[in-house]
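Worksheet: one structure, shown below.
The values are calculated or read from the model by the stated rules, or taken from the named source; none is laboratory data. Because the structure is predicted, anything quoted here is derived from the model rather than measured. Methodologically, a virtual Cβ is constructed for each residue, glycine included, from the backbone with ideal geometry; neighbour enumeration extends over all protein chains shown. The accessibility values were calculated without ligands, DNA or RNA, using every heavy atom of the protein model including side chains. Shrake-Rupley method; radii C 1.70, N 1.55, O 1.52, S 1.80 Å.
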Amino acid sequence: MNVTDPRLLVQPSPLLKQRMRTDQAMRDVLYALLPATLAGLWYFGLAALLVILSSIAGALITEWVFSPAQARSARLLDSSGLLTGLLLGLTLPPALPLWMAFIGGAVAIGLGKLVWGGLGYNLFNPSLVGRAFLGATFPIAMTTWSPGAGPADFFQVYESTLTPPFMQASYDAVTAATPLGLMKFEYQSTPLWDLVIGKTSGCIGETSGLLLILGGVYLAFRRGLDWRMPVSILASVLLFTGALYLLDPAKYPGPLFSLFSGGLLIGAIYMATDPVTSPLTPRGTWIFGVGVGLLVVLIRVFGGFPEGVMYAILLMNSATPLIDRYTQSRVFGKGIKTE
Amino acid sequence: MNALAALFKRGFSHGIHPDELKDQTHALPTQRMPFVERYTLPVHQHLGAPPRPVVAAGQRVQRGQLVAEPGAFVSTALHSPVTGWVRAIGPRRFPGGRYEQAIEIEADRYASQRLRVESPPDWRSLSLEDFVSLVQHSGIVGLGGASLPAHVKYSLREGVKIKTLIANGAECEPYLTNDHRIMVEQPEALLRGIEILHTLLGAEESIIGIELNKPDAIETLRAHIRSDQPIRVVPLRVKYPQGDSKMMIKSILDVEVPAGLHAADLGIIMNNVSTVAAIADYFASGMPYIDRMVTVSGPGIEYPANLVVPLGTPVREVLRFCGGVREDTREVVMGGPMMGTPVASLDEPVIKSSSGLLAFTAEHIARPTEYPCIRCGRCVEACPYFLNPARLAKLARARLYDEMKAFQVMECVECGSCTYSCPSGIPIVQMIRTAKNTLWAKKSKAE
Ligand code: SF4
Ligand code: SF4
């Protein structure tokens, strides 16, 4: 038998690769968010679905329009735009006019990612950039919470949902305060169990603590997120609020309430863990996490807003390059004394 | 119990766990590759200066006869693997695709190919200097990958006292099983080699480090060690790159060899088990380094094998002996899949450092789509030298090679753990290699 030369490629080693790919990792996060998303839809109905879809459409269309032609398909296929759109959608109020959600998605990708040079180069979490933009531009719409109708009235959308573009929304008579708002402005607590299963008003996807945690555990097992991040954020929130609660239980919210209310879980598990905008090193991750936890408590307790997760993460995003610089490991064999 | 203890021992940090892929060959007894018609011996097969040819075209040579003598201290001898005639001396394609000086030998098919060499003197009567010079003339190089002529390590700097001798049997590269077979099949030779080195270097203790995935090697060697011998076998966690000398020293002795120093500066000598066995063979029969053990494997190979191959045998002949390669083979690698060198043509010969010949099909080497770095930190957590590969890759892409020095690029051992672990498919170590080569070239130009 003769061996003829096959058409040999001369690719340099290593030839072996682990199996996880970046696009797969992004899709994993999407799967992890699915249960919480469905819970949001179950609770807030068709309107919530439309808000999420508008936000995703805003994100993907922007990515398509503003990417150079040869990079388009690769950028859409890496699923990161889809993830940004979904994450933004999940942190919007269910009765938000759809055109606002669309603009939010567009801004998230445009200002949050593309102007920095695309995936991997942005300093701030894109979906939070989108949300911060909406919060500043449409403060009323972004803080008007509507009660969920439950699955019985799935097809019943809010009056505000279909507001024509660039018009202000008019709301139904009934609005509902979020648990954090109730706590901050009326010193009224919400039963913990309602928080855990998500039977409260709030953003579409942030209410069901249980499902968010479930998705997080799945991701951690798939190594899709750095477990240190949620653990450090949640532990520090527990610790700081626990200390305050011990000081004055009447004035400050309890640690478990703090954990399950507002956007803390979705932020800690799905947004702070965005690899692009969080530190590279394990030590840096701990610092980042504790920083977020501390800022969340400071803003919630002492600031003017009931919720602070978004700003806490954005602030720590801006500190990431600095953290990376100072947590660089000691290179093996360097700085060892030799006689 | 020992295995358990080793599992919990600290060992080195970071690193990766690629599939071992050794099942195809780890239990296959070694076979001899038959002699073929033509041999190509690249003259320069190791670090340091090239040897000087001492034969001329047309000359008759015997198997084991010297054909090139050491060209400097950091250089070694080269011997004919076969009895026959020197046909040509000139530039030939070398593994890695470069053209280099080579000696071409045509085998005499009627010759017996029996080795007729002088026996070396009894090693017990040797001084360390004589030993060093004999090893240099045996042509043995470090067989763990770096290919430093073996004797160089034994000529100790003034004032250095050797405490520990380590025989490296980690064989952490996937697919490769040649060191494994040596430990299982030739434990006496290996232990004899350790005894020679141990005595002549004046070591206090000798250690054989073996990854836990080779329990038969661990048992065989333990059974062969006499109770009066200061030799012990240390099982090691299966983790890549356990066989890297500084990582192994960290795992076994919990000592961090400072950057810029060699293990010998701390009184530690490390050798690959094959190197040690080759030294034992040389002092037993006078057999110079002319045959090497090669693992032929990989998804493109019909009949994987562990082979003893005479140096200079064309890759094509070795593959033919193993039943050829699958039609869709797209890459043949010399060495391991993590650090080996791609073969550019099947006419390239087996050289002293060819521990493996691995054939990969198109499907196995398909380059996945490359995505931007998402700063996931997997490469950072993989790098056993605690470098920041993501950062280095970014700088390399911008060709900021001098800036890379500040990030300690020169400490990189090119183990490839970073590229292995990157989900975005970024060729990190490949870019680091280019950067390092550029920096070396610049440095040597400046000198
Ligand atoms: S940077 Fe160098 S030493 Fe570190 S993992 Fe990559 S190849 Fe190995
Ligand atoms: S493994 Fe790849 S994507 Fe992740 S940080 Fe390193 S270079 Fe970037």
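Below are the figures for this structure:
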item	result
Number of positions in segment B:276-307 that are at pLDDT below 95, open to solvent by less than 10 Å² (accessible area, probe 1.4 Å) and assigned to a helix (DSSP H, G or I)	0
Verdict on B:Ala382 being touching a strand residue (DSSP E or B) at 6+ places or on another chain (Cβ under 9 Å), of a type in the set (A, V, I, L, M) and within 13 Å of ligand 2 (Cβ to nearest atom)	yes
Criterion: open to solvent by less than 10 Å² (accessible area, probe 1.4 Å), within 16 Å of ligand 1 (Cβ to nearest atom) and under 24 Å from B:Glu171 (Cβ atoms) - qualifying residue of B:Gly336, B:Gly377	B:Gly336
Any chance B:Ile249 is surrounded by fewer than 24 Cβ atoms within 10 Å (Cβ to Cβ) and within 16 Å of ligand 1 (Cβ to nearest atom)	yes
Unmet criterion (only one of (1) in contact (Cβ under 8 Å) with a residue 24 or more places away in the chain; (2) part of a loop (DSSP other than H, G, I, E, B); (3) more than 18 Å from the chain's Cα centre (by Cα)) for A:Ala141	(2)
Residue, farthest from B:Val43 (Cα to Cα), within segment B:123-157, restricted to residues that are open to solvent by 60 Å² or more (accessible area, probe 1.4 Å) and in contact (Cβ under 8 Å) with a residue 40 or more places away in the chain	B:Arg124
Set A:Ser258, A:Ser278: member being at pLDDT below 90, of a type in the set (S, T, N, Q) and crowded, with 18+ Cβ neighbours inside 10 Å	A:Ser258
Candidates A:Thr273, A:Thr320 - the one that is within 12 Å of chain B (Cβ to nearest Cβ), surrounded by fewer than 23 Cβ atoms within 10 Å (Cβ to Cβ) and either out of contact with any Gly (no Cβ under 6 Å at 6 or more places or on another chain) or not in a helix (DSSP H, G or I) (or both)	A:Thr320
Checking B:Asn388 against (1) in contact with a His (Cβ under 9 Å, 6 or more places away or on another chain); (2) within 16 Å of ligand 1 (Cβ to nearest atom), the condition it does not meet	(1)
Every residue from segment B:192-233 that is in contact with a strand residue (DSSP E or B) (Cβ under 9 Å, 6 or more places away or on another chain), open to solvent by less than 10 Å² (accessible area, probe 1.4 Å) and within 29 Å of B:Glu129 (Cβ to Cβ)	B:Gly193, B:Ile194, B:Leu197, B:Ser206, B:Ile207, B:Ile208, B:Gly209
Answer residue from segment B:409-426, given it is touching a residue at least 40 places away in the same chain (Cβ under 8 Å) and more than 9 Å from ligand 1 (Cβ to nearest atom) and is surrounded by the fewest Cβ atoms within 10 Å (Cβ to Cβ) among those	B:Gly425
Failed criterion for A:Ala59 (all others in (1) outside any helix (DSSP H, G or I); (2) in contact with a Gly (Cβ under 7 Å, 6 or more places away or on another chain) hold)	(1)
Exclusive hit being within 12 Å of ligand 1 (Cβ to nearest atom) and either of a type in the set (Lys, Arg) or surrounded by fewer than 19 Cβ atoms within 10 Å (Cβ to Cβ) (or both), set B:Arg397, B:Arg433	B:Arg433
Residues that are assigned to a helix (DSSP H, G or I) and either in contact (Cβ under 8 Å) with a residue 40 or more places away in the chain or charged (D, E, K, R) (or both), drawn from segment B:181-195	B:Arg181, B:Ile182, B:Met183, B:Glu185, B:Glu188, B:Ala189, B:Leu190, B:Leu191, B:Arg192, B:Gly193, B:Ile194, B:Glu195
Qualifying positions in segment B:335-377 - within 8 Å of another protein chain (Cβ to nearest Cβ) and among the basic types (Lys, Arg)	B:Arg367, B:Arg375
Which listed residue is in a helix (DSSP H, G or I), more than 15 Å from ligand 1 (Cβ to nearest atom), in contact with a helix residue (DSSP H, G or I) (Cβ under 9 Å, 6 or more places away or on another chain) and open to solvent by 40 Å² or more (accessible area, probe 1.4 Å), from B:Lys442, B:Lys405	B:Lys442
Any chance B:Arg32 is charged (D, E, K, R), closer than 25 Å to B:Ala150 by Cα and touching a residue at least 40 places away in the same chain (Cβ under 8 Å)	yes
Residue list for segment B:235-246, filter: open to solvent by 10 Å² or more (accessible area, probe 1.4 Å) and in a loop (DSSP other than H, G, I, E, B)	B:Arg237, B:Val238, B:Lys239, B:Gly243, B:Asp244
Residue in segment B:89-107 that is free of Cβ contacts under 8 Å to residues at least 40 places away in the same chain, in contact with an Asp or Glu (Cβ under 8 Å, 6 or more places away or on another chain) and of a type outside the set (Gly, Ala, Ser) present	yes
Single residue of A:Glu307, A:Glu206 found to be open to solvent by 30 Å² or more (accessible area, probe 1.4 Å) and either on the phi < 0 side of the Ramachandran plot or part of a helix (DSSP H, G or I) (or both)	A:Glu307
Residue tally, condition crowded, with 22+ Cβ neighbours inside 10 Å and in a loop (DSSP other than H, G, I, E, B), over segment A:1-56	5
Residue match in segment B:81-93 (condition: hydroxyl-bearing (Ser, Thr, Tyr) and under 22 Å from B:Thr341 (Cα atoms))	no
